[in-house]
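J.: I have a structure I would like to understand better, so I am pasting it below and will then ask my questions one at a time.
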Amino acid sequence: AEAGVEAFAPEIEEALEHPVDFKSALQELLARRGAAVAYEVTSEDGPPHERTYVVLARVEREDLGRGSGRSKKHAEQEAAREAIDRLEG
């Protein structure tokens, strides 16, 4: 029998509830190499209610990713995503 869309509904729901966590993915990737990542907020711009954070993902003293976002968490995710791209690229 052909699997309908319903068969994938749980996975889709799961993905929506748990968006991809690039920070965890990067941590796991680095753990296998015996390395660790540090996040550093390099700038905060804008008024308090519209602040934009810029974060660097640093691995072994090397900046591998840079991200910006409305929250530190979001900026860190962006930085982690970029770091993963560079490590796996």
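The values are calculated or read from the model by the stated rules, or taken from the named source; none is laboratory data. The model shown is predicted, which means the values in this text are computed figures rather than measured ones. Because the Cβ atoms are built from the backbone with ideal geometry, glycine has one as well, and the counts that use them run over all protein chains shown. Heads up: the accessible areas ignore ligands, DNA and RNA and are worked out on the full protein's heavy atoms, side chains in. Shrake-Rupley method; radii C 1.70, N 1.55, O 1.52, S 1.80 Å.
J.: Residues to consider are Glu50, Glu82, Glu76, Glu40; find the one that is among the acidic types (Asp, Glu) and touching a helix residue (DSSP H, G or I) at 6+ places or on another chain (Cβ under 7 Å).
T.: On inspection, the qualifying residue turns out to be Glu76.
J.: If you check Gly89, Gly67, which single one turns out to be at pLDDT below 95 and either open to solvent by 90 Å² or more (accessible area, probe 1.4 Å) or of a type in the set (Gly, Ala, Ser) (or both)? Break it down stepwise before answering.
T.: Details: Gly67 fails: at pLDDT below 95.
Sole residue among the options that is at pLDDT below 95 and either open to solvent by 90 Å² or more (accessible area, probe 1.4 Å) or of a type in the set (Gly, Ala, Ser) (or both): Gly89.
J.: Kindly indicate the residue of the stretch 1-12 that is assigned to a loop (DSSP other than H, G, I, E, B) and open to solvent by 60 Å² or more (accessible area, probe 1.4 Å) and also modelled with the lowest pLDDT among those meeting that condition.
T.: Here the residue is Ala1.
J.: Let me ask something else. Could you say which residue among Ala15, Ala83 is hydrophobic (A, V, I, L, M, F, W, C) and either at pLDDT 95 or above or exposed (fewer than 11 other Cβ atoms within 10 Å of the Cβ) (or both)? Working first, answer last.
T.: On the way: Ala15 fails: either at pLDDT 95 or above or exposed (fewer than 11 other Cβ atoms within 10 Å of the Cβ) (or both).
Residue meeting the stated conditions: Ala83.
J.: Okay, next question. Out of the residues in the stretch 24-36 that are under 12 Å from the mean Cα position of the chain (by Cα) and of a type in the set (A, V, I, L, M), state the one that is surrounded by the fewest Cβ atoms within 10 Å (Cβ to Cβ).
T.: Ala25
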